[in-house]
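See structure below.
The values are calculated or read from the model by the stated rules, or taken from the named source; none is laboratory data. Given the structure is predicted, the values throughout are model-derived calculations rather than measurements. Note: ideal-geometry Cβ built from the backbone for every residue, glycine included; neighbour counts use all protein chains shown.
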Amino acid sequence: MINHFINVYTSTLVSSLTGWKGTTGSRKTEQPEKEIVLFDREGCPDCRSVRQVITELNLDVKILPCPEGGTRFKHTLKEVSGSVQIPCLVDENTGQKLISKEIIIEYLFNEYGKKAVPQKYSGTRFDGVINWTSQLLRGGRGEKARSSLMPEKPLTLYSFESSPFSRPVRELLCELEIPYTMVSLGKQQSADMGPAAFRFHRGPYKPVKDSKRERFLAEHGDVMVPYLEDPNTGEKLFQSKKILNYLQRTYGQAGNK
Ligand SMILES: N[C@@H](CCC(=O)N[C@@H](CS)C(=O)NCC(=O)O)C(=O)O
């Protein structure tokens, strides 16, 4: 319980330190037909910058985790891009295979945001110290592989990049090298702001019309992330702590923390 509190608390500090980038989600972007794939490491600052833009553009992407020491997707990564460098983005809609965060971010804004990279996402001279402090605060979570069982089908996680409750789940998915579709549920209006239990907005919650949030509310009666679906077991879960326990129990292997 205390461990989980500290986990979420330091995750909140990281979101604050990174200026809560990756909180808002565009109302305009259209999801492309084919799945965009991101070879990603949750604890890697360059990958985080890319994921912030993915939330900002309200895109859903397939995450193939490549933690240090991981072997599951490294071979595919090398085949696809000729190197093991991450982040690496593969977009079958346009035939692009891209490495390096600057190139990926520019591509995503041009292709899906129909605009140039906003100032907010072009980096600052404080990035080095912010990244170093963030990694320190997370104590190396989301960086190194642990042995795990490979699910037959990819999982689905609803989240947005800065969500303090979702980060620990993404970190564990990365450590366990579990592939998943990351559905972005960034905040699209002021009424979306705040934790699910006490939204800053008063009155009944109404998401933006015809949005993913509206569909999520219709299906679940609330909008709250993280939310995990596992088609391998039929499990559908809210609550970060429950999800972490579930992942560890189902895919983590004995001898690991
Ligand atoms: N107790 C929940 C809290 C989840 C929560 O409050 N998540 C926030 C995002 S970090 C949320 O869903 N806010 C409402 C929203 O985004 O509409 C958990 O541990 O998962």
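Quick one: how many residues across the range 115-130 are in contact (Cβ under 8 Å) with a residue 24 or more places away in the chain and either among the charged types (D, E, K, R) or within 20 Å of Glu30 (Cα to Cα) (or both)? It would help to see each step written out before you state the result.
In the first step, residues of the range 115-130 are kept if they are in contact (Cβ under 8 Å) with a residue 24 or more places away in the chain; the result is 120-121, 123, 127, 130.
Among the residues that remain, those that are also either among the charged types (D, E, K, R) or within 20 Å of Glu30 (Cα to Cα) (or both) are: 120, 127.
Counting residues in the range 115-130 that are in contact (Cβ under 8 Å) with a residue 24 or more places away in the chain and either among the charged types (D, E, K, R) or within 20 Å of Glu30 (Cα to Cα) (or both) gives 2.
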Is it the case that some residue within the range 82-91 is loosely packed, with under 12 Cβ neighbours inside 10 Å, out of contact with any Pro (no Cβ under 9 Å at 6 or more places or on another chain) and not acidic (Asp, Glu)? yes
So, in the range 166-204, of the ones that are modelled with pLDDT under 95 and of a type in the set (Lys, Arg), which residue ends up nearest to Met150 (Cα to Cα)? Arg199
Quickly run through the range 172-188 and pick out the residues that are within 14 Å of the ligand (Cβ to nearest atom) and either surrounded by 23 or more Cβ atoms within 10 Å (Cβ to Cβ) or more than 20 Å from Thr29 (Cβ to Cβ) (or both). Leu172, Ser184, Leu185, Gly186
Within the range 131-170, restricting to residues that are of a type outside the set (S, T, N, Q), touching a helix residue (DSSP H, G or I) at 6+ places or on another chain (Cβ under 9 Å) and part of a helix (DSSP H, G or I), the one that is surrounded by the fewest Cβ atoms within 10 Å (Cβ to Cβ) is Trp132
Of those in the range 69-101 that are of a type in the set (Lys, Arg) and touching a residue at least 40 places away in the same chain (Cβ under 8 Å), the residue nearest to Glu111 (Cα to Cα) is Lys101
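Mind checking which residues of the range 189-248 are hydrophobic (A, V, I, L, M, F, W, C), part of a loop (DSSP other than H, G, I, E, B), in contact (Cβ under 8 Å) with a residue 60 or more places away in the chain and more than 9 Å from the ligand (Cβ to nearest atom)? Full working, then the answer.
Just the residues of the range 189-248 that are hydrophobic (A, V, I, L, M, F, W, C), to begin with: 191, 193, 196-198, 200, 208, 216-218, 223-225, 228, 237-238, 243-244, 247.
Going one step further and asking which of them are part of a loop (DSSP other than H, G, I, E, B), we end up with 193, 200, 208, 223-225.
Retained after the next criterion (residues that are in contact (Cβ under 8 Å) with a residue 60 or more places away in the chain): 208, 225.
Selection gives Val208 alone.
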